[in-house]
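Comments concern the structure below.
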Amino acid sequence: MNEPILSQIMTLKNAPISELKQKYSELFAGKKASSDNRTYLWQKIAYRIQELEYGGLPEEAQNKVKKLAQEYDPINNKALRPNVIKIQRLSRDQRLPIPGTVITKEYKGIAVEVKVLDKGFEYNGKTYKSLTAIAKEVTGCHWNGYLFFSL
């Protein structure tokens, strides 16, 4: 990197926020800085100084970045493309064992056995939607199902 540019960037690193905001406004055609975060402002200014000196990313690289963002970054692009990508919720909680597993718990001397189903749980021949409902059935009071069964 050119020494005057490097020294200019490093001088700005410890500059007061008011000075950084002023420099930001100069470099970005009068735009007001959207943040009071010193590190953010310094990085944006440093990039802009280098961009003006050496040129920005080539158009080919910019197009490649946009294409990759559209293809592989659905979370950050959700606001830009709300109807294109829908993030699917996982149908099962990852804390649960695979269907068919029997969860056992000893409660007040009684063995509680719950079978994990594809959608729900089986306890004493009845199907329940949640472990919390089974914990309430066993104890008579509200319990978090995952905590009760130590999952």
Counting only residues that are modelled with pLDDT under 90, farther than 16 Å from Leu147 by Cα and surrounded by 10 or more Cβ atoms within 10 Å (Cβ to Cβ), how many does the stretch 97-115 have? 2
Within the stretch 10-37, tally of residues that are of a type in the set (A, V, I, L, M), in a helix (DSSP H, G or I) and more than 20 Å from Gly56 (Cα to Cα): 4
Look at the stretch 116-151 and say how many of its residues are exposed (fewer than 13 other Cβ atoms within 10 Å of the Cβ) and assigned to a helix (DSSP H, G or I). 1
Write out, first by first residue and then by second, each pair whose Cβ atoms fall under 7 Å of each other, whose residues are 6+ apart or on separate chains, and whose first residue, in the stretch 108-136, is on the phi > 0 side of the Ramachandran plot while the second is not in a helix (DSSP H, G or I) and not basic (Lys, Arg). Gly120/Thr127; Gly120/Tyr128
Condition (residue is assigned by TED's automatic domain parsing to the domain that holds Ser7, surrounded by 11 or more Cβ atoms within 10 Å (Cβ to Cβ) and outside any helix (DSSP H, G or I)) applied to the stretch 41-49: is it met by at least one residue? no
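The values are calculated or read from the model by the stated rules, or taken from the named source; none is laboratory data. Keep in mind it's a predicted model, so treat the numbers as computed, not measured. Using ideal geometry, Cβ is built from the backbone for each residue, glycine included, and neighbour counts are taken over all protein chains shown.
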